1. Quick one: how many residues across region 94-112 are more than 14 Å from the ligand (Cβ to nearest atom) and in a loop (DSSP other than H, G, I, E, B)?
2. Keeping to region 75-93, report how many residues are in a loop (DSSP other than H, G, I, E, B) and basic (Lys, Arg).
3. Based on what the data block shows, is residue 182 in contact with a strand residue (DSSP E or B) (Cβ under 7 Å, 6 or more places away or on another chain) and away from the ligand (no atom under 13 Å from the Cβ)?
4. Given 62, 72, which one is among the small types (Gly, Ala, Ser) and outside any loop (DSSP other than H, G, I, E, B)?
5. Condition first: closer than 19 Å to residue 110 by Cα and touching a residue at least 60 places away in the same chain (Cβ under 8 Å). Now tell me which residues in region 148-174 satisfy that.
6. May I ask you to list the residues in region 19-39 that are within 8 Å of the ligand (Cβ to nearest atom), surrounded by fewer than 21 Cβ atoms within 10 Å (Cβ to Cβ) and of a type in the set (Val, Ile, Thr)?
7. Being surrounded by fewer than 18 Cβ atoms within 10 Å (Cβ to Cβ) and within 13 Å of residue 195 (Cβ to Cβ): is that true of residue 10 here?
Amino acid sequence: MRIYVSNAEGIAKAASHSLIAQIDKKPDSVLGLATGTSPIMLYNEIVKEYLEGNVNFKRITSFNLDEYVGLSGDHEQSYRKFMEKHFFNRINIEISNTHIPNGEAENPDEECERYEELIRKAGGIDWQLLGIGLNGHIGFNEPGDSLIAVTHMVRLKEETRSANAKHFNSREEVPTHAMTVGMASILKAKKIIVIAMGREKAHIVQQTIMGPITTKLPASFLQIHPDVTFFLDTESAMLLPRRLVIA
Ligand code: F6R
């Protein structure tokens, strides 16, 4: 595990260099992508690099971690819309190579099976981007007595619905369920990049990195991954001992 600490701009630059190095090494990489506040600066930075001719997405395939059940890809708060706005429509990725679970699927369980199979057929994820929820979730793998390995439908915790309510007109509008890539599918990624920023993430970051590995904090399973790098700002890293930090 590597831990890189900088300001928001430094994190975005360093994480974008990781992605560019990945694509240089393997131009047809399979990327695992995330939504939320944490990756926005990174997406902006990568778009800048793209516009300067430093990276090419022509042969890239992507799989997003999750989608709300019940929202169409055209809904303002769907993760499909988020990805188009912040990333896909600003780079030269083929939209047909971008995958996000279909929130409107008639049978979400079948949709999850289909999605898992698509990831498998693509050869798995080469480079996986993650944020961490305030309750320690990754994707929408929520804390609990057990975790599910593969892509599945999940009932969102009330704290997650509250945390995400800022993006909707009211809390009631936040969907109650989502589809998420499962824990094993995330941990099978060859390389994992985690971004966390802000004082409110400090406790969960410390527990993720230094606490026990437990289903009560799904992100703690990242401790067993052989190639994970945390990109943290000074606030989210404030509870970590200095000896762990590389910059
Ligand atoms: C989003 C996702 C979530 C977020 C997490 C942190 O696709 O999978 O796990 O990464 O909720 O969200 P932010 O970055 O908004 O704090």
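Laboratory data are not the source of any read-out in this text; all were calculated from the coordinates shown. These numbers come from a predicted model, not from an experiment. Positions of Cβ are generated from backbone atoms using ideal geometry, with glycine treated the same way; all protein chains shown enter the neighbour counts.
1. 6
2. We begin by selecting, within region 75-93, every residue in a loop (DSSP other than H, G, I, E, B); these are 75-78, 87, 91-93.
Of the ones still in play, those that are also basic (Lys, Arg) are none.
Number of matching residues: 0.
3. So residue 182 fails the test.
4. 62
5. Correct list: 153 only.
6. Within region 19-39, 37 is the sole residue that qualifies.
7. Working: surrounded by fewer than 18 Cβ atoms within 10 Å (Cβ to Cβ): yes; within 13 Å of residue 195 (Cβ to Cβ): yes.
It is true that residue 10 is surrounded by fewer than 18 Cβ atoms within 10 Å (Cβ to Cβ) and within 13 Å of residue 195 (Cβ to Cβ).
Residues are listed down the side, and each one gets a yes or a no for (1) within 15 Å of residue 126 (Cβ to Cβ); (2) of a type in the set (D, E, K, R):
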position	(1), (2)
4	no, no
9	no, yes
17	no, no
33	yes, no
59	yes, yes
114	no, yes
